[in-house]
Amino acid sequence: MKHPMLTLCVTAIITATTVSNGYARTREVKPGVERWSIKTSVPAKAKNISASLADVLALPDPPGVSKRDSRYQSNRIPAFSNPLGVNEGDIITTTAWLYLVASENDGDYHIQVSGSAQSGDQCLIIEVPNENESFVSSAPLRQKVATVRAFIRDKLLQGREPSTSGSVMNHPVFVRISGQLFYDDAHVGDPPRGKKGMKAATLWELHPVTDITFATQPK
């Protein structure tokens, strides 16, 4: 008879192989901790809102939220006044230039998108969790994130997994993305985040991303 705790540990850890400088590297990938149940779920009654990337980047921080705020590790941040009238948990659809995709140890695809075709700086971070049931409990959401991750690999990375340091596009790709508005309070007070010298303009993210497609480039 298998020990139940042993079974839990085994199913919560998978391995991922990435290629960097021609060498294949395998590493252990397991679910994260901080606000994990929030960033890997979507409310049943989430509003669907379209917004420009500039307006998303300009969203004010939610008032009174501290670094790793214990009130919100398992709860979404309450509604607050903002120009878009959005709440954490709403599904935001926007368009942007996609510059970078990285593979993270918590299973996420970390993606950086910008409003500029010339620079990936002042970006928005969007993330797609691993579709394994150990990472995402909802079956419908697992199907959505699996489709998004397949698009990233097959359409942007020639079928490969993104590197851990960040796979940068030869040319930025204009995409339409939808995902849950999520506030990454683990970085309150920290220097701006971002890989390859591209800095995020906000602690807001789209996480999880639920849809991605190519979009018509602006004139």
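Read-outs throughout are calculated quantities, based only on the coordinates presented, and are distinct from any laboratory measurement. Bear in mind that the values here come from a model prediction, so they are computed numbers and not experimental data. Ideal geometry is used to build each Cβ from the backbone, glycine not excepted, and the neighbour counts take in all protein chains shown.
Projecting the Cα atoms of ASN48, THR94, ALA139 onto the dipole axis of the chain, where Lys and Arg carry +1 and Asp and Glu carry -1 at the beta carbon, places ALA139 farthest toward the positive end. Considering only HIS207, SER119, ALA150, and ranking their Cα positions along the charge dipole of segment 31-214 that arises from unit charges at the beta-carbon of Lys, Arg, Asp and Glu, the one farthest toward the positive end is ALA150.
Work out the P(r) tail for segment 31-214: percent of alpha carbon pairs separated by more than 31 Å, whole number.
Cα-Cα pairs of segment 31-214 separated by over 31 Å account for 8 percent.
Treating r as the C-beta distance of SER50 and HIS171 and R0 as 25 Å, the FRET efficiency rounds to 0.45.
What is the Å³ per residue value for the convex hull set by the Cα atoms of segment 34-122? Can you show the working numbers first?
Working: hull volume 10.8 nm³, N = 89.
Convex hull volume per residue, Cα atoms: 122 Å³.
Residue separation of THR213 and GLN73 scaled by 0.36 nm, minus their Cα-Cα distance, works out to 47.3 nm of gained length.
Overall form of segment 113-191: oblate. Here a/c, set by the Cα gyration tensor axes a ≥ b ≥ c, is 1.5 or more, and a/b is not larger than b/c.
Each other residue within a Cβ distance under 10 Å of LEU181 adds +1 if Lys or Arg and -1 if Asp or Glu, for a net charge of -1. Label positions at VAL188 and ALA139, each projected 7 Å from the Cα along the C-beta direction, are separated by 3.8 nm.
Test of understanding: in a Gaussian network model of the chain with alpha carbons linked when under 10 Å, which of ILE126, ILE77, ILE91 would top the mean-square fluctuation ranking? Ranking ILE126, ILE77, ILE91 by mean-square fluctuation puts ILE77 first. Put a dot 7 Å past the Cα of ASP154, heading toward its Cβ, do the same for GLU34, and the two dots end up 3.4 nm apart. With neighbours defined as other Cβ atoms within 10 Å of a residue's Cβ, the residues LYS144, LYS47 order from fewest to most as LYS47, LYS144. Dipole magnitude for the chain: computed about the Cα centre from +1 point charges on Lys and Arg Cβ and -1 point charges on Asp and Glu Cβ, it is near 340 debye.
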